[in-house]
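Enquirer: Can you keep this structure in mind? I'll have questions shortly.
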DNA sequence: GCGACAG
DNA sequence: ATCTTGTCGC
Ligand SMILES: [Mg+2]
């Protein structure tokens with residue numbers, strides 16, 4: 001997949017001296033305004049030394065925004081280019097606002113890919129349901145990703161194998177595009193821990209505005225059954241009763257599951273090659289605390305690996 | 001200050 | 001996701 005950090009850098013380099021743009025405008029040039037916070041995250045990762053005019057990106061309200069070297073430095077750099085601020089706002093903002101980016105909108109392509117691949121998702125149970133779950137999770141230090149996989153036997157409720165690996169990611173976290181960020185982190189782990197398992201991801205399956213959350217993404221990519229288990233609700237509304245359905249546009253796309261008496265519920269959805277009923281049943285079976293055991297352990301492993309990597 | 005969109 | 005000590009309750 002494309003390097004979004006590079007795409008963002010290429011855009012920022014187009015902002016002329018003496019002009020400014022906003023985080024949201026850069027995000028729109030990337031192809032989706034939802035990435036505006038991610039633009040800030042990416043700008044903050046360039047350097048030191050900063051090789052592009054990050055100081056020319058400001059808040060849409062005219063405020064200065066943030067800067068890795070401190071706001072006084074940002075103000076000074078802008079002043080050198082004839083851009084000034086008064087009362088904490090960019091002066092003459094409307095007239096020095098730049099948005100004529102040359103771009104091929106990479107996020108629009110990514111969205112199209114999601115929509116195309118979503119067509120290939122099947123929610124029928126496999127002929128032979130694996131008795132193994134492969135829980136996957138990741139922890140981060142900037143663009144360094146620490147991934148962990150826990151191979152967990154469903155009937156025995158026992159860990160069979162554990163595997164961790166470090167990799168570099170080239171996508172920031174962008175809501176509804178999570179699969180693109182974590183895909184490379186899990187590839188090595190899935191290849192190592194084998195293919196006869198149901199994948200379980202920390203995030204959603206079809207419980208997604210475009211029916212293609214990370215569990216669907218990873219499931220389709222590897223042609224394996226997958227389940228998504230999210231700690232909070234991404235979209236849709238929750239129904240009533242025990243294990244209430246999560247619906248969106250009249251369709252049931254997930255299930256709210258109370259895995260532990262006092263804890264907040266989690267949100268289960270099939271990712272690929274599995275039914276909603278099986279996804280919920282299996283998740284309930286392998287849950288002792290709030291987070292399903294394979295995911296809870298994968299999270300702990302990934303966190304431990306990150307802490308030992310300092 | 002409110003609202004707030006997985007990780 | 002990350003930044004982070006102690007404390008309360010079961
Ligand atoms: Mg995670």
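Enquirer: Between residue A:44 and residue A:76, what is the FRET efficiency for a Förster distance of 25 Å, r being their Cβ-Cβ separation, to the nearest 0.05?
Expert: Calculated transfer efficiency: 0.85.
Enquirer: Quick one: if the Förster radius is 25 Å, what FRET efficiency do residue A:17 and residue A:60 give, using the C-beta to C-beta distance and rounding to 0.05?
Expert: Values: r = 21 Å, r/R0 = 0.83.
Working from the Cβ atoms, E equals 0.75.
Enquirer: Considering all alpha-carbon pairs of chain A, what whole percent are spaced by more than 25 angstrom?
Expert: Counting every Cα pair in chain A, those more than 25 Å apart make up 54 percent.
Enquirer: With just the Cα atoms defining each centre, how far is the range A:229-272 from the range A:155-189? Give it in Å.
Expert: Distance between centres, Cα-based: 22 Å.
Enquirer: Using the per-residue mean of other Cβ atoms lying within 10 Å as a proxy for protection, in what order, highest first, do the peptides A:123-135, A:34-46, A:88-100 fall?
Expert: Going from most to least packed, we get A:34-46, A:123-135, A:88-100.
Enquirer: Compute the length gained on full extension between residue A:112 and residue A:159: take 0.36 nm times their separation in residues and subtract their Cα-Cα distance, giving the result in nm to one decimal.
Expert: Contour length minus the Cα-Cα distance gives 13.2 nm.
Enquirer: What's the ranking of A:221-234, A:63-76 by average number of surrounding C-beta atoms within 10 Å, highest first?
Expert: A:221-234, A:63-76
Enquirer: Kindly state, to the nearest 0.05, the FRET efficiency for residue A:303 paired with residue A:103, given R0 = 41 Å and r defined as their beta-carbon distance.
Expert: Values: r = 37 Å, r/R0 = 0.89.
E(calc), rounded to 0.05, equals 0.65.
Enquirer: What percent do you get for the relative contact order of the range A:122-309 when only Cα pairs under 8 Å and 6+ apart count?
Expert: 24 percent
Enquirer: On to the next question. Once you put a point 7 Å from the Cα of residue A:187 and another 7 Å from the Cα of residue A:2, both along the Cβ direction, what distance in nm separates them?
Expert: Between residue A:187 and residue A:2, the label points sit 1.8 nm apart.
Enquirer: A further question follows. Taking 0.36 nm per intervening residue step and subtracting the Cα-Cα distance, what contour gain separates residue A:231 from residue A:122 on full extension?
Expert: Details: separation 109, 0.36 × 109 = 39.24 nm, distance 2.37 nm.
Gain in length upon complete extension: 36.9 nm.
Enquirer: Sort the following peptides by mean Cβ neighbour count (other Cβ atoms within 10 Å, averaged over residues), highest first: A:273-284, A:258-269.
Expert: On the way: A:273-284: 19.3, A:258-269: 17.4.
Answer by packing, highest mean first, reads A:273-284, A:258-269.
Enquirer: Tell me the relative contact order for the range A:105-189 as a rounded percent, counting alpha carbon contacts under 8 Å between residues six or more apart.
Expert: Numbers: 107 pairs, mean separation 18.6, N = 85.
Rounded, it is 22 percent for the range A:105-189.
Enquirer: Sticking with this structure for a sec: Have a look at the DSSP beta bridges in chain A and tell me what percent are antiparallel, nearest 5.
Expert: 75 percent
Laboratory data are not the source of any read-out in this text; all were calculated from the coordinates shown. Just so it is clear, the structure is predicted and the values come from calculations on it, not from any experiment. Neighbour counts run over all protein chains shown; Cβ positions are idealised from the backbone, glycine included.
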